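What follows is a short report on a single structure.
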Amino acid sequence: MTKETKISVTIDGYRLSYPATGLGLVTAELLRGLQELGYTKSIAVFVEKSFRPQIFGLENLDVQWITIDFKNRSPDYLGRLAWGLAVTKKIKKFFPNSRHFIPYFYNYGNLSQNVVLVPDLVWRIVSEQDSIYPHRPWWNLRGRLPFRPMFVKWEEWLVTRAKNLIVYTKFVKNHVHQEFGTSLDRIMIMQHPVPSWCITKYQESNNLLVQNKFNLPHRFVLYVGGFAGRKNVAMLLEVCGQIYDADPSFRCVLVGLTEQIIQRDFGIREAMKRNSVRAAIIPLPIIDYPDLASLYRLTEFTVYPSLSEGFGLPILEAGSAKRLCLCGDNSSMKEVQTNAEYRIKSDDRSAWFEKILYFWQNPEATKKAGEDCHLLFHQYDLYKTAQQLWNILQS
(Lines give C-alpha, C1' and ligand atoms only; values in the text may rest on other atoms or scores of the structure.)
Protein backbone atom coordinates (compact mmCIF):
# COMPACT_ATOMS: atom_id res chain seq x y z
CA MET A 1 0.00 0.00 0.00
CA THR A 2 1.70 3.23 -1.20
CA LYS A 3 0.77 6.78 -2.00
CA GLU A 4 1.37 6.00 -5.69
CA THR A 5 -1.51 3.50 -5.76
CA LYS A 6 -4.03 4.73 -8.33
CA ILE A 7 -7.08 4.69 -6.13
CA SER A 8 -9.87 7.14 -6.94
CA VAL A 9 -12.58 5.67 -4.70
CA THR A 10 -12.47 4.32 -1.15
CA ILE A 11 -15.34 2.36 0.37
CA ASP A 12 -16.18 1.68 4.00
CA GLY A 13 -16.57 -2.10 4.36
CA TYR A 14 -17.39 -2.11 8.07
CA ARG A 15 -20.76 -3.78 7.51
CA LEU A 16 -19.19 -6.65 5.57
CA SER A 17 -18.25 -8.13 8.93
CA TYR A 18 -21.96 -8.62 9.66
CA PRO A 19 -23.19 -10.96 6.89
CA ALA A 20 -26.60 -11.53 8.48
CA THR A 21 -27.52 -7.88 7.94
CA GLY A 22 -29.00 -6.25 4.86
CA LEU A 23 -26.34 -3.52 4.96
CA GLY A 24 -23.55 -6.09 4.70
CA LEU A 25 -25.30 -7.86 1.83
CA VAL A 26 -25.87 -4.60 -0.05
CA THR A 27 -22.20 -3.61 0.26
CA ALA A 28 -21.15 -6.98 -1.13
CA GLU A 29 -23.57 -6.73 -4.05
CA LEU A 30 -22.38 -3.23 -4.94
CA LEU A 31 -18.77 -4.45 -4.97
CA ARG A 32 -19.77 -7.38 -7.16
CA GLY A 33 -21.43 -5.05 -9.64
CA LEU A 34 -18.45 -2.67 -9.70
CA GLN A 35 -16.16 -5.64 -10.39
CA GLU A 36 -18.25 -6.75 -13.38
CA LEU A 37 -18.06 -3.22 -14.80
CA GLY A 38 -14.28 -3.16 -14.44
CA TYR A 39 -13.99 -0.41 -11.83
CA THR A 40 -12.61 -2.28 -8.83
CA LYS A 41 -8.91 -1.79 -9.63
CA SER A 42 -9.48 1.87 -8.76
CA ILE A 43 -11.12 1.03 -5.43
CA ALA A 44 -9.81 0.43 -1.91
CA VAL A 45 -12.13 -1.13 0.67
CA PHE A 46 -11.58 -0.79 4.42
CA VAL A 47 -12.47 -3.92 6.38
CA GLU A 48 -11.97 -5.32 9.84
CA LYS A 49 -8.94 -7.54 10.28
CA SER A 50 -11.21 -10.52 10.92
CA PHE A 51 -13.22 -10.05 7.69
CA ARG A 52 -13.36 -13.09 5.38
CA PRO A 53 -14.37 -12.25 1.78
CA GLN A 54 -15.38 -15.87 1.18
CA ILE A 55 -18.56 -15.29 3.20
CA PHE A 56 -19.95 -13.21 0.35
CA GLY A 57 -18.04 -14.90 -2.46
CA LEU A 58 -15.76 -11.88 -2.86
CA GLU A 59 -12.43 -13.71 -2.60
CA ASN A 60 -11.57 -13.01 -6.26
CA LEU A 61 -12.46 -9.33 -6.14
CA ASP A 62 -9.60 -7.19 -7.45
CA VAL A 63 -10.14 -4.29 -5.08
CA GLN A 64 -7.39 -3.30 -2.68
CA TRP A 65 -8.46 -4.60 0.73
CA ILE A 66 -7.22 -2.37 3.55
CA THR A 67 -7.46 -4.11 6.91
CA ILE A 68 -8.09 -2.08 10.04
CA ASP A 69 -6.76 -3.44 13.32
CA PHE A 70 -9.93 -2.45 15.10
CA LYS A 71 -11.40 -3.40 18.45
CA ASN A 72 -15.14 -2.88 18.53
CA ARG A 73 -16.67 -0.86 21.31
CA SER A 74 -19.88 -0.99 23.25
CA PRO A 75 -22.30 0.74 23.01
CA ASP A 76 -22.53 0.66 19.22
CA TYR A 77 -22.13 4.41 18.68
CA LEU A 78 -18.72 4.29 20.35
CA GLY A 79 -17.80 1.46 18.00
CA ARG A 80 -18.76 3.56 14.97
CA LEU A 81 -16.77 6.49 16.33
CA ALA A 82 -13.64 4.39 16.84
CA TRP A 83 -13.99 2.84 13.39
CA GLY A 84 -14.41 6.21 11.68
CA LEU A 85 -11.31 7.59 13.37
CA ALA A 86 -9.24 4.56 12.33
CA VAL A 87 -10.37 4.74 8.69
CA THR A 88 -9.85 8.51 8.52
CA LYS A 89 -6.24 8.04 9.59
CA LYS A 90 -5.64 5.55 6.76
CA ILE A 91 -7.33 7.73 4.15
CA LYS A 92 -5.32 10.81 5.09
CA LYS A 93 -2.07 8.86 4.88
CA PHE A 94 -2.60 6.82 1.71
CA PHE A 95 -5.60 8.12 -0.30
CA PRO A 96 -6.06 11.84 0.50
CA ASN A 97 -7.64 12.67 -2.87
CA SER A 98 -10.10 9.77 -3.11
CA ARG A 99 -13.89 10.03 -2.98
CA HIS A 100 -15.06 8.09 0.07
CA PHE A 101 -18.32 6.11 0.07
CA ILE A 102 -19.97 5.03 3.34
CA PRO A 103 -22.76 2.50 2.63
CA TYR A 104 -24.62 3.01 5.90
CA PHE A 105 -25.84 5.93 8.03
CA TYR A 106 -22.63 7.57 9.23
CA ASN A 107 -20.07 10.16 8.15
CA TYR A 108 -16.51 10.92 9.24
CA GLY A 109 -13.24 12.36 7.98
CA ASN A 110 -13.64 14.82 5.10
CA LEU A 111 -17.36 15.22 5.75
CA SER A 112 -18.24 17.51 2.85
CA GLN A 113 -16.59 15.32 0.20
CA ASN A 114 -18.03 11.95 1.22
CA VAL A 115 -20.98 10.12 -0.29
CA VAL A 116 -23.25 8.46 2.29
CA LEU A 117 -25.96 5.85 1.82
CA VAL A 118 -29.10 6.55 3.87
CA PRO A 119 -31.02 3.24 3.97
CA ASP A 120 -33.84 4.73 6.05
CA LEU A 121 -34.74 6.99 8.96
CA VAL A 122 -36.94 4.43 10.68
CA TRP A 123 -35.94 5.56 14.18
CA ARG A 124 -37.80 8.78 13.45
CA ILE A 125 -40.95 6.79 12.64
CA VAL A 126 -40.97 3.82 15.00
CA SER A 127 -39.45 3.71 18.49
CA GLU A 128 -37.50 0.52 19.09
CA GLN A 129 -37.63 0.92 22.88
CA ASP A 130 -41.37 0.40 23.14
CA SER A 131 -41.24 -3.36 22.63
CA ILE A 132 -38.26 -4.06 24.92
CA TYR A 133 -39.10 -4.45 28.59
CA PRO A 134 -41.81 -1.77 28.90
CA HIS A 135 -42.20 -2.58 32.59
CA ARG A 136 -38.54 -2.49 33.59
CA PRO A 137 -37.58 -1.79 37.22
CA TRP A 138 -36.62 1.81 37.94
CA TRP A 139 -32.94 0.93 38.32
CA ASN A 140 -32.61 -0.40 34.75
CA LEU A 141 -31.46 2.76 32.96
CA ARG A 142 -30.92 1.26 29.49
CA GLY A 143 -32.49 3.64 26.97
CA ARG A 144 -33.54 6.11 29.66
CA LEU A 145 -30.37 8.18 29.83
CA PRO A 146 -29.86 10.88 27.17
CA PHE A 147 -26.53 9.60 25.81
CA ARG A 148 -27.87 7.63 22.85
CA PRO A 149 -30.29 10.37 21.66
CA MET A 150 -27.42 12.85 21.88
CA PHE A 151 -25.18 10.65 19.75
CA VAL A 152 -27.98 10.01 17.25
CA LYS A 153 -28.46 13.77 16.82
CA TRP A 154 -24.75 14.21 16.32
CA GLU A 155 -24.56 11.34 13.80
CA GLU A 156 -27.50 12.81 11.90
CA TRP A 157 -25.71 16.15 11.70
CA LEU A 158 -22.56 14.45 10.38
CA VAL A 159 -24.53 12.70 7.64
CA THR A 160 -26.20 15.91 6.48
CA ARG A 161 -22.72 17.42 5.87
CA ALA A 162 -21.94 14.86 3.12
CA LYS A 163 -21.54 15.98 -0.50
CA ASN A 164 -24.28 13.59 -1.62
CA LEU A 165 -26.73 11.27 0.07
CA ILE A 166 -27.88 8.10 -1.70
CA VAL A 167 -31.32 6.59 -1.05
CA TYR A 168 -33.26 3.74 -2.65
CA THR A 169 -36.75 5.19 -2.89
CA LYS A 170 -38.72 8.41 -3.28
CA PHE A 171 -40.17 7.80 0.16
CA VAL A 172 -36.75 7.94 1.85
CA LYS A 173 -35.66 10.89 -0.30
CA ASN A 174 -38.68 12.94 0.76
CA HIS A 175 -38.33 11.81 4.38
CA VAL A 176 -34.67 12.93 4.51
CA HIS A 177 -35.62 16.25 2.95
CA GLN A 178 -38.45 16.78 5.44
CA GLU A 179 -36.51 15.74 8.54
CA PHE A 180 -33.15 17.40 7.84
CA GLY A 181 -33.92 20.08 5.29
CA THR A 182 -31.31 18.61 2.92
CA SER A 183 -31.84 20.00 -0.57
CA LEU A 184 -33.40 17.48 -2.94
CA ASP A 185 -30.64 17.94 -5.52
CA ARG A 186 -28.11 16.52 -3.03
CA ILE A 187 -30.17 13.36 -2.49
CA MET A 188 -29.69 10.77 -5.25
CA ILE A 189 -32.04 7.84 -5.79
CA MET A 190 -30.10 4.69 -6.67
CA GLN A 191 -31.74 1.43 -7.60
CA HIS A 192 -31.40 -1.19 -4.87
CA PRO A 193 -28.85 -3.90 -5.81
CA VAL A 194 -30.33 -7.26 -6.71
CA PRO A 195 -29.71 -9.94 -4.05
CA SER A 196 -27.84 -12.26 -6.43
CA TRP A 197 -27.41 -14.97 -3.81
CA CYS A 198 -31.09 -15.84 -4.28
CA ILE A 199 -30.15 -17.29 -7.66
CA THR A 200 -26.43 -18.08 -7.45
CA LYS A 201 -26.64 -19.93 -4.13
CA TYR A 202 -29.67 -22.02 -5.03
CA GLN A 203 -29.41 -25.73 -5.81
CA GLU A 204 -32.58 -27.78 -6.15
CA SER A 205 -30.79 -30.79 -4.68
CA ASN A 206 -30.46 -28.86 -1.42
CA ASN A 207 -34.22 -28.55 -0.90
CA LEU A 208 -34.75 -32.01 0.56
CA LEU A 209 -31.65 -31.66 2.72
CA VAL A 210 -33.00 -28.42 4.19
CA GLN A 211 -36.44 -29.92 4.75
CA ASN A 212 -34.93 -32.84 6.64
CA LYS A 213 -32.31 -30.81 8.51
CA PHE A 214 -34.93 -28.57 10.09
CA ASN A 215 -37.71 -31.16 10.20
CA LEU A 216 -40.01 -28.94 8.16
CA PRO A 217 -43.58 -29.89 7.22
CA HIS A 218 -44.65 -30.28 3.62
CA ARG A 219 -46.32 -26.86 3.63
CA PHE A 220 -45.41 -23.71 5.53
CA VAL A 221 -45.33 -19.91 5.35
CA LEU A 222 -42.00 -18.12 5.79
CA TYR A 223 -40.86 -15.02 7.68
CA VAL A 224 -37.39 -13.60 7.03
CA GLY A 225 -36.53 -10.06 8.03
CA GLY A 226 -35.24 -9.63 11.58
CA PHE A 227 -36.85 -8.94 14.95
CA ALA A 228 -36.45 -5.24 15.68
CA GLY A 229 -39.58 -3.70 17.18
CA ARG A 230 -40.62 -2.12 13.87
CA LYS A 231 -40.72 -5.54 12.23
CA ASN A 232 -44.09 -6.13 13.94
CA VAL A 233 -43.34 -9.78 14.68
CA ALA A 234 -45.42 -9.88 17.88
CA MET A 235 -48.52 -9.05 15.84
CA LEU A 236 -47.57 -11.68 13.26
CA LEU A 237 -47.23 -14.34 15.96
CA GLU A 238 -50.66 -13.54 17.36
CA VAL A 239 -52.18 -13.75 13.88
CA CYS A 240 -50.43 -17.10 13.33
CA GLY A 241 -52.08 -18.40 16.49
CA GLN A 242 -55.50 -17.26 15.23
CA ILE A 243 -54.94 -18.92 11.86
CA TYR A 244 -53.90 -22.15 13.59
CA ASP A 245 -57.14 -22.10 15.55
CA ALA A 246 -59.05 -21.79 12.25
CA ASP A 247 -56.87 -24.27 10.33
CA PRO A 248 -54.58 -26.54 12.40
CA SER A 249 -52.57 -27.44 9.28
CA PHE A 250 -51.07 -23.93 9.23
CA ARG A 251 -47.37 -23.47 10.03
CA CYS A 252 -45.11 -20.43 9.86
CA VAL A 253 -41.31 -20.70 9.85
CA LEU A 254 -39.45 -17.73 11.37
CA VAL A 255 -35.74 -17.55 10.54
CA GLY A 256 -33.61 -16.27 13.41
CA LEU A 257 -36.23 -16.50 16.17
CA THR A 258 -33.93 -17.60 18.98
CA GLU A 259 -34.67 -17.90 22.69
CA GLN A 260 -32.59 -14.77 23.23
CA ILE A 261 -34.88 -12.79 20.89
CA ILE A 262 -37.98 -14.16 22.64
CA GLN A 263 -36.73 -13.14 26.08
CA ARG A 264 -35.53 -9.72 24.92
CA ASP A 265 -38.74 -8.55 23.24
CA PHE A 266 -41.75 -8.11 25.53
CA GLY A 267 -44.38 -8.39 22.79
CA ILE A 268 -42.88 -11.55 21.29
CA ARG A 269 -42.50 -13.12 24.72
CA GLU A 270 -46.14 -12.44 25.57
CA ALA A 271 -47.38 -13.82 22.24
CA MET A 272 -45.36 -17.01 22.74
CA LYS A 273 -47.30 -17.77 25.92
CA ARG A 274 -50.30 -18.81 23.81
CA ASN A 275 -50.49 -22.52 23.02
CA SER A 276 -51.85 -21.88 19.54
CA VAL A 277 -48.94 -19.58 18.70
CA ARG A 278 -46.36 -22.14 19.80
CA ALA A 279 -48.18 -24.81 17.79
CA ALA A 280 -48.33 -22.62 14.68
CA ILE A 281 -44.72 -21.52 14.42
CA ILE A 282 -41.37 -23.16 13.70
CA PRO A 283 -38.42 -21.08 14.97
CA LEU A 284 -35.15 -21.54 13.09
CA PRO A 285 -31.65 -20.23 13.84
CA ILE A 286 -29.86 -17.86 11.47
CA ILE A 287 -28.98 -19.93 8.40
CA ASP A 288 -26.59 -19.57 5.47
CA TYR A 289 -27.54 -18.30 2.02
CA PRO A 290 -27.79 -21.71 0.24
CA ASP A 291 -30.24 -22.97 2.87
CA LEU A 292 -32.16 -19.70 2.78
CA ALA A 293 -32.43 -19.92 -1.01
CA SER A 294 -33.96 -23.39 -0.60
CA LEU A 295 -36.34 -22.19 2.11
CA TYR A 296 -37.72 -19.58 -0.28
CA ARG A 297 -38.43 -22.34 -2.82
CA LEU A 298 -39.94 -24.69 -0.24
CA THR A 299 -42.37 -22.16 1.26
CA GLU A 300 -45.89 -21.50 0.04
CA PHE A 301 -45.44 -17.73 0.40
CA THR A 302 -43.78 -15.20 2.70
CA VAL A 303 -45.00 -12.55 5.15
CA TYR A 304 -43.42 -9.22 6.09
CA PRO A 305 -45.70 -7.04 8.28
CA SER A 306 -43.10 -4.34 9.03
CA LEU A 307 -44.23 -0.93 10.28
CA SER A 308 -41.63 0.90 8.19
CA GLU A 309 -38.85 0.04 5.73
CA GLY A 310 -36.26 1.97 3.78
CA PHE A 311 -36.67 -0.63 1.04
CA GLY A 312 -37.95 -4.09 1.96
CA LEU A 313 -35.44 -6.61 0.62
CA PRO A 314 -37.45 -9.75 1.57
CA ILE A 315 -40.02 -8.70 -1.06
CA LEU A 316 -37.42 -9.13 -3.80
CA GLU A 317 -35.93 -12.24 -2.22
CA ALA A 318 -39.34 -13.90 -2.34
CA GLY A 319 -39.91 -12.65 -5.89
CA SER A 320 -36.64 -14.22 -7.05
CA ALA A 321 -38.11 -17.61 -6.10
CA LYS A 322 -41.53 -16.86 -7.64
CA ARG A 323 -43.05 -16.55 -4.20
CA LEU A 324 -45.60 -14.05 -2.96
CA CYS A 325 -44.58 -11.68 -0.17
CA LEU A 326 -47.46 -10.17 1.79
CA CYS A 327 -46.04 -6.97 3.23
CA GLY A 328 -47.00 -3.84 5.15
CA ASP A 329 -48.81 -1.08 3.27
CA ASN A 330 -46.42 1.71 4.19
CA SER A 331 -43.11 3.51 3.60
CA SER A 332 -40.87 2.26 0.77
CA MET A 333 -42.75 -1.03 0.51
CA LYS A 334 -45.42 0.77 -1.51
CA GLU A 335 -42.77 1.42 -4.17
CA VAL A 336 -41.24 -2.06 -4.09
CA GLN A 337 -44.45 -4.12 -3.84
CA THR A 338 -46.35 -2.17 -6.48
CA ASN A 339 -49.38 -4.47 -6.39
CA ALA A 340 -51.66 -3.09 -3.64
CA GLU A 341 -53.45 -6.47 -3.42
CA TYR A 342 -50.36 -7.87 -1.69
CA ARG A 343 -49.97 -5.04 0.82
CA ILE A 344 -51.81 -4.93 4.15
CA LYS A 345 -52.09 -2.21 6.79
CA SER A 346 -49.58 -3.25 9.44
CA ASP A 347 -51.96 -2.63 12.35
CA ASP A 348 -54.96 -4.38 10.79
CA ARG A 349 -54.81 -7.80 12.43
CA SER A 350 -58.08 -9.00 10.97
CA ALA A 351 -56.87 -8.14 7.46
CA TRP A 352 -53.63 -10.07 8.02
CA PHE A 353 -55.60 -13.02 9.37
CA GLU A 354 -57.94 -13.07 6.38
CA LYS A 355 -55.26 -12.57 3.72
CA ILE A 356 -52.80 -15.14 5.08
CA LEU A 357 -55.57 -17.70 5.59
CA TYR A 358 -56.90 -17.04 2.07
CA PHE A 359 -53.57 -17.69 0.37
CA TRP A 360 -52.84 -20.64 2.65
CA GLN A 361 -56.07 -22.31 1.59
CA ASN A 362 -55.89 -21.31 -2.10
CA PRO A 363 -52.66 -22.68 -3.64
CA GLU A 364 -53.59 -21.70 -7.20
CA ALA A 365 -54.09 -18.06 -6.22
CA THR A 366 -50.79 -18.23 -4.31
CA LYS A 367 -48.95 -19.54 -7.36
CA LYS A 368 -50.35 -16.76 -9.55
CA ALA A 369 -49.36 -14.15 -6.94
CA GLY A 370 -45.84 -15.60 -6.86
CA GLU A 371 -45.53 -15.14 -10.61
CA ASP A 372 -46.66 -11.51 -10.21
CA CYS A 373 -43.96 -10.95 -7.60
CA HIS A 374 -41.32 -12.56 -9.82
CA LEU A 375 -41.81 -9.68 -12.25
CA LEU A 376 -40.80 -7.26 -9.49
CA PHE A 377 -37.46 -9.02 -9.07
CA HIS A 378 -36.62 -8.67 -12.76
CA GLN A 379 -37.02 -4.90 -12.63
CA TYR A 380 -33.82 -4.58 -10.58
CA ASP A 381 -30.49 -4.73 -12.40
CA LEU A 382 -27.22 -4.99 -10.45
CA TYR A 383 -25.13 -3.49 -13.25
CA LYS A 384 -27.43 -0.50 -13.59
CA THR A 385 -27.12 0.04 -9.85
CA ALA A 386 -23.32 -0.24 -9.89
CA GLN A 387 -23.08 2.21 -12.79
CA GLN A 388 -25.33 4.68 -10.97
CA LEU A 389 -23.08 4.46 -7.91
CA TRP A 390 -19.90 4.91 -9.93
CA ASN A 391 -21.29 7.95 -11.69
CA ILE A 392 -22.15 9.55 -8.35
CA LEU A 393 -18.71 8.80 -6.94
CA GLN A 394 -17.02 10.32 -9.98
CA SER A 395 -19.12 13.51 -9.99
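The values are calculated or read from the model by the stated rules, or taken from the named source; none is laboratory data. These figures come from a predicted structure and were not determined experimentally. We place every Cβ from the backbone using ideal geometry, glycine too, and count neighbours over all the protein chains shown. Quick note on the areas: whole protein, heavy atoms, side chains included, nothing else; ligands and nucleic acids left out. Shrake-Rupley method; radii C 1.70, N 1.55, O 1.52, S 1.80 Å.
Data for the structure
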{"item": "Stokes-Einstein D for the range 294-368, Kirkwood Rh over Cα pairs, 4 °C, 1.567 mPa s (µm²/s)", "result": "105"}
{"item": "Loop-located trypsin sites (Lys or Arg not before Pro) in the range 231-313 whose Cβ has at most 15 other Cβ within 10 Å (DSSP)", "result": "273"}
{"item": "Residues of type aspartates and glutamates that residue 345 reaches as a straight line, Cα spacing below 17 Å, ignoring anything fewer than 8 places off in the same chain", "result": "238, 309, 329, 335, 354"}
{"item": "Spatially proximal aspartates and glutamates relative to residue 213 (Cα-Cα < 12 Å; intrachain offsets below 8 disregarded)", "result": "291"}
{"item": "Positive-end residue of 374, 275, 395, charge dipole of the range 243-395 with Cβ unit charges", "result": "275"}
{"item": "Volume of the Cα convex hull of the range 353-395, divided per residue and given in Å³", "result": "84"}
{"item": "The chain, relative contact order in percent, only Cα pairs under 8 angstrom and at least six apart counted", "result": "16"}
{"item": "Share of carbon and sulfur in the accessible heavy-atom surface of the chain [1.4 Å probe, %]", "result": "52"}
{"item": "Shape box of the range 246-287 [Cα atoms, principal axes, largest first, Å]", "result": "29, 25, 10"}
{"item": "Residue range of the chain that is longest and free of chymotrypsin sites (Phe, Trp or Tyr not before Pro) which are both DSSP loop and sparsely packed (at most 10 other C-beta within 10 Å)", "result": "140-395"}
{"item": "Bins of 5 Å from zero: percent of alpha-carbon pairs in the range 249-389", "result": "2, 9, 16, 21, 22, 17, 8, 4, 1, 0, 0"}
{"item": "Long-range HN-HN contacts of residue 9 with modeled amide H, under 5 Å", "result": "44, 99"}
{"item": "Amide hydrogen neighbours beyond the local backbone of residue 253, cut-off 5 Å, H modeled", "result": "221, 222, 223, 282"}
{"item": "Under-5 Å amide H pairs with residue 194, H placed in peptide plane, nonlocal only", "result": "382"}
{"item": "Vicinal HN-Hα couplings computed from phi for the range 277-282 (Karplus, 6.51 cos²θ - 1.76 cosθ + 1.60; Hz; Gly/Pro x)", "result": "5, 4, 6, 7, 10, 10"}
{"item": "The chain - charge dipole about Cα centre, Lys and Arg +1 at Cβ, Asp and Glu -1, debye rounded to 20", "result": "1260"}
{"item": "Shape metrics for the chain, restricted to C-alpha atoms - Rg then Dmax, Å", "result": "21.5, 69"}
{"item": "Enclosed volume per residue, in Å³, of the convex hull spanned by Cα atoms of the range 159-304", "result": "149"}
